[in-house]
Every structure is written in C-alpha cells, then in structure tokens.
1. Find the centroid of the Cα atoms in segment 150-191 and in segment 62-119, then give the distance between the two in whole Å.
2. What is the helix-to-structure angle for 55-74, meaning the angle in degrees between its Cα long axis and the longest Cα principal axis of the chain, kept from 0 to 90 and rounded to the nearest 10?
3. How big is D for the chain, in µm² s⁻¹ as a whole number, if Stokes-Einstein is applied with the Kirkwood radius of its Cα pairs at 37 °C and 0.692 mPa s?
4. Run the numbers for residue 360 and residue 273: contour at 0.36 nm per residue of separation, minus the present Cα-Cα distance, in nm.
5. If the chain between residue 119 and residue 176 were fully stretched, how many nm would it gain, using 0.36 nm times the residue separation less the Cα-Cα distance?
6. For Cα pairs less than 8 Å apart in space and 6+ apart in sequence, what is the mean separation divided by the residue count of the chain, i.e. the relative contact order in percent?
7. Only bridges whose two residues both fall in the chain count here: according to DSSP, what percent of them are antiparallel, nearest 5?
8. Once every DSSP H run of n ≥ 4 in the chain is given -39500 (n - 2.57) and the sum is divided by its residues, what mean residue ellipticity at 222 nm do you get, rounded to the nearest 500 deg cm²/dmol?
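Where a number appears in this text, it was derived from the coordinates with a stated rule and is not lab data. Quick caveat, the model's predicted, so the values are computed rather than measured. Here the Cβ is made from the backbone with ideal geometry for all residues, glycine too, and neighbour counts use every protein chain on show.
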Ligand SMILES: Cc1cc2nc3c(=O)[nH]c(=O)nc-3n(C[C@H](O)[C@H](O)[C@H](O)COP(=O)(O)OP(=O)(O)OC[C@H]3O[C@@H](n4cnc5c(N)ncnc54)[C@H](O)[C@@H]3O)c2cc1C
C-alpha cells in the first residue's frame, strides 16, 4: 500500500507533494499529461495578490509573497541551486465603480485587520498616482506599490516545487486515474483542478474557459501594476515589451481551448482604450485560453477531507487564484493530514461540508 497518492501533478499537486514530502511522507503524484498542455497553471497570468474580500484569501495571498521571496533558499536543490519564479513585483491596482464601492470599503476593513498593506484612493484623485488612467466612472481604487503583489512565471514555480519534492523523495508518474477506487493508499489527495468533478461527482467544480490576449502598444509602461477594472471586468498587465489582457467573458462546456477572438474587438479593446486612452493604438499580437477550476457554488476554494471517505482529501475550486494560493494550500493540507487540524492559516471555511450543504461564501473579486 502507498503512503500518499496525489491525483494531478499541477501546481496544487506539486505544492502539496513538496510540503508533505518535506514532512517525511512518501508521496506519489499521478499525472495524466506530464506536458501540462491543458492544465490551468501554465495558462495562467501568474498573478499573486492579497486584495480580496475574505480574510482567508488575503492571508493566503500574503503567504504566497513570503513563499516566493524565500523560494531561492527553500526550493534550491542539488541539481538547481538557483531556482527563481521570476517575480515582477509591480503590484495590483483594482478600480471600482459606484456599484462596487460599498463592498470595497468593507473589504478595506478586512485588509487593515489582516495588515495587508494596501492603499486606497478616491477615483477623482487616481491620476495623481497613475497619470495614464482615465478615471471616468471610478469611485474608488485600491493598490499596492511596495512590491508586495505582482506576478511570477507559473512554470518556474511549478518546476521548483516539483524538483524539491522529488529531492525529498516524492515520485511523479504518468497515469490517468478513472476512479479513486483504483488507488490503494493510506491517504489520497485529489488535486485534479477543473476536472475534479470527474472523480468526485458531488463537488461542483467545472472547467470554465477564459481567454487572454497579447497586445502591443507604442506607449509602454513597464512599471504598470496588474490592473483590474471592475467596471468592465477587463484586466491587464505588462508582459515584456507587450501587454496581456483578459476577457471579462467566460464560457462553460467549451469543447476546445481556441481563444474567443471576437471578445477582443467587441469587449476588451474598447474597455482598455476607455481606461487608458493610449491603448487606442493597440495591436493584437496573440492570445490563448485556459480553464479556470471554477467552483459554481461561490467562486471559492474547496479544501479539506471529504466526509464520505475515510482517507480522501481534496483541494480545488480556486476560480482564478489557484496559482497564488498553491503554497498556502499545500502547507494547509499538509497540516491537516499530518496533525488533524490547521496550524497556521485556518481555512476551515473552505471545508468540503460547506459545498455539500450548498452554503455559499462568495468571494467577489474574481478577475
Ligand atoms: C487564463 C487564466 C488566468 C489565470 N490567472 C491566474 C492568476 O493570475 N493567478 C492565479 O493565482 N491563478 C490564476 N489562474 C488560475 C490557476 O491557473 C488555477 O487556479 C490553478 O492552476 C489550479 O491549479 P490545479 O493544480 O488545481 O489545476 P491544474 O493546474 O489544472 O492541474 C491539475 C492537473 O491534474 C491533472 N489531472 C486531472 N484529472 C486527473 C486524473 N483523473 N488523473 C491524473 N491526472 C489528472 C491534469 O492533467 C492537470 O495537470 C488562471 C487561470 C487561467 C486559465
């Protein structure tokens, strides 16, 4: 019998394998596509932030930054003595119209209680800090400018976690698990991302297709934060000498990962040009689409022990934030599995029972 089998070797599987094997557990990770062609993490924007409504998400975002900063030391291996996640700490800027302002003022109280280090500015004053932004329709904005939020290269984080887990004794093998009954192990962790429902059909997490466009603009702002315009749902950030911009429209039951090209002309470009007039001169240079592991109940994570099994744990439903939450979730699951309770960040609010009872706990800031 195996000690621990993790189904899915994506970012959550790799982070969990790292923390569990560091604690001396003998971990086997089963991944059906080791090229990760359709997995969510390589197709993500790599963003990490602490600007959320719920305190648990704020704390997980804070831990992500701490983990990324310490990564060169904690994840170095004999084979790779200098790991990096290529952090770009440009911060986040979230723009809210009048319809979201009240909710954001409540969120700011949570930010303060969690010492998130975020700053708030009235819409009318935003151009003093971000002169290229047109503040029309913006009531309030929240941002960080102290290198505590930003983005990373998702591949590099995944590689570093996986390599360190392997150094600690974990095994990554190719395999397609059709049913959890196939596995003979003391502990099973389902880290199957947006495909979780195929293994656990009472968990309402499904693939939701999101498109990202790559664009070029004569005017480049390399210091621009990852900006989310909550008045349109469009978000963007610099990428090298270009920019990436996400469509506000998502799609269920998508048969393929062909980008939704029409969204660019109809939605994304107009929204970008309205907010940053220089973006009127954009040129589309590429794009891709990937699946969010979307929790249809409330856009929030589902993490913990499944009450219907004696040895099955799961972590999924991150709905656009699984990359940044992976270090905190890997650590939390390891605490739960090895000690029976959470020791650092208490994430019992994400318990499987909540979802089975259909108790919503909405996280409003999905980008
Ligand atoms: C366009 C886009 C932008 C995003 N931007 C961000 C962002 O800026 N910041 C952020 O934090 N998050 C972002 N995300 C979300 C993030 O990528 C996901 O939440 C995260 O990758 C989920 O991690 P995971 O390991 O659960 O799933 P995945 O990365 O999808 O990994 C799951 C793995 O499980 C394997 N698997 C599934 N079923 C089985 C089975 N039965 N047997 C064997 N293997 C199996 C799959 O092949 C896959 O490799 C974004 C996602 C997309 C698509």
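1. Taking the Cα centre of each part, segment 150-191 and segment 62-119 sit 24 Å apart.
2. For 55-74 against the chain, the angle is about 70 degrees.
3. Reported coefficient: 157 µm²/s.
4. Full-extension gain reported as 27.8 nm.
5. 15.9 nm
6. Computed over the chain, the figure is 24 percent.
7. 70
8. Calculated from helices alone, the mean residue ellipticity at 222 nm is -8500 deg cm²/dmol.
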